Amino acid sequence: MDSEIAIAPHDPLPLSHELDENGFPIGSSSTDDDDDGDYEGYGDGDGEGRDVEDAAIADESSDAVSTFAADFYGSGTDWSSLVAAEEEGRKEKKGGLVQRSLLQMWGIKKPKEYEEGSGGMARNLGRKRRRSAMGGEEHVDRVDRRKGQEMKLDRPRVCPFYKKIPGTPFTVDAFRYGQIEGCLGYFLSHFHHDHYGGLSKRWSHGPIYCSSLTARLLKMCLSVNSLYICPLELDTEYDIEGVKVTMLDANHCPGAAVIHFRLSDGRTYLHTGDFRACKLMHSHPLLLNHRINVLYLDTTYLNPKYRFPPKEDVVDFVVKKTHNCLKKQPRTLVVVGAYSIGKENVYLAISQSLEVPIYANASRRRILQSFGWPELSGRLCSSGQSSPLHVLPLSFLRHENLKEYLKTLNKRFTAILAFRPTGWTFSESTGNQLDLIKPSTKGNVTIYGVPYSEHSSFTELRDFVKFLRPEKIIPTVNIGNAASRDKMQAYIREWLKV
Ligand SMILES: [Zn+2]
């Protein structure tokens, strides 16, 4: 594809093509915690709830702390799950839900710096770091706490290998590292913060290739200079720097793409970004009967405990619960939690079924309207009083917040029924029997955690890998410690057995 930006010819990124069994370049240790501590989303990460900057600080400071745990705890409370109180052995709260972080559920110890009363150093440093990142600087302030004192280690962040596509001058979702040597094309898989982090109006390091919807969001939300934005249509092959590139629908959030690279020597790489694998992908002409050499895989839920139901089943459940509730209490406000983008089909289905408009604040409305989906745009309204269906940030959906929110609506509503749609709410004991999900109720606020995921379930990952049978798989999520990587690779090995 012709770029408007003049770029001097350059050699491909100097990368090793030889990868070990864990998908790491030969010569680096596959058991050490790798690179920069900058690991992609721990779940429906999807940006807003996660604070990767804090995570990297925690990683640097570690004394015998798992970087994965540190990263997780640095990510903020959105990464928690509501689990049934009974599972926690708290019989007195039977029927209720309690908040547990994923790592607590997995039995991984909370790093010291994130314990209550630890002096808040990690949090303070996090703020320092965020400002740095917001400023688009290439150097970050790191702090060595092993010496018991703050000591700035001002050095550039290094782009980890798994964000570089070997044999090409391309990177994927690598905007936090400033100018990457040899990179002539910065691909963005989708518009979630843990992937676009580092992009701002000051971006000037090279062309950004993304879907056209993502391109619109880059301009609108981040004021990225249009000169650097190169929108690509889905299912269209482009020739970029001598590499054939095609973006496929990732079945994740609007505009999310799986990126297919075919090099001139025939090698083929597939980077899933964040995706939810589905049968439709199995019939895509680029994937059907074409060997993929390396698959960069969104392994968010590569754990057999995450066998959550199809999205459609969860949407049906949400709609049914809403109807039942409104029958009993017609003046109930229905709230759906969402990231800045994603989960649209949950509130759209409620809106269609109840025949009511969707209230969202001005900035969300602007984003949703930019999708160019008439069915959604036509249902948006600007007055919270005039719709019983509101979309609010997922992180806002807590009892105390919703209780206060209800008060602001001048007694128009008497109760709130809220849904937190994320795969992290999936519980093995409930499985696919959605009717077993117990809400958390306090006063007139009821919150349902529903396993609506825009990432692949364990079984969908398995089916996708078995279908694709790539030569090599590089996990891109949950790779912050060796144990986690080894566990995932054990499953992958099993799936790829002849
Ligand atoms: Zn995402």
Among strands (runs of 3 or more DSSP E) completely within segment 152-253, the ones holding 1 or more residues that are of a type in the set (S, T, N, Q) and touching a Pro at 6+ places or on another chain (Cβ under 9 Å) are 208-211
Report whether or not residue 200 is away from the ligand (no atom under 16 Å from the Cβ), in the same structural domain as residue 247 (by TED's automatic domain parsing) and over 21 Å from residue 241 (Cα atoms). yes
Tally up the residues in segment 275-310 that are in a strand (DSSP E or B) and closer than 23 Å to residue 213 by Cα, please. 2
Among helices (runs of 4 or more DSSP H) completely within segment 328-390, the ones holding 1 or more residues that are within 16 Å of the ligand (Cβ to nearest atom) and within 28 Å of residue 223 (Cβ to Cβ) are 344-354, 362-370
Can you give me the number of residues within segment 254-274 that are closer than 18 Å to residue 165 by Cα and assigned to a loop (DSSP other than H, G, I, E, B)? 8
Considering only segment 241-253, I want to know if a residue exists there that is closer than 24 Å to residue 167 by Cβ and among the acidic types (Asp, Glu). yes
Could you check residue 426 against (1) in contact with a Pro (Cβ under 8 Å, 6 or more places away or on another chain); (2) closer than 20 Å to residue 294 by Cα and say which number it fails? (2)
Only one of 388, 393, 421 is touching a residue at least 24 places away in the same chain (Cβ under 8 Å), over 25 Å from the mean Cα position of the chain (by Cα) and on the phi < 0 side of the Ramachandran plot; which? 388
Here's a check for you: in segment 433-465, which residue that is in contact with an Asp or Glu (Cβ under 7 Å, 6 or more places away or on another chain) and not hydroxyl-bearing (Ser, Thr, Tyr) is nearest to residue 496 (Cα to Cα)? 455
Take segment 216-234 and flag every residue that is without any contact (Cβ under 8 Å) to a residue 24 or more places away in the chain and either of a type outside the set (Ser, Thr, Tyr) or in contact with a strand residue (DSSP E or B) (Cβ under 6 Å, 6 or more places away or on another chain) (or both). 219, 229, 231, 233, 234
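The values are calculated or read from the model by the stated rules, or taken from the named source; none is laboratory data. Given the structure is predicted, the values throughout are model-derived calculations rather than measurements. Quick reminder, even Gly has a Cβ in these numbers, built from the backbone with ideal geometry, and neighbours come from all protein chains shown.
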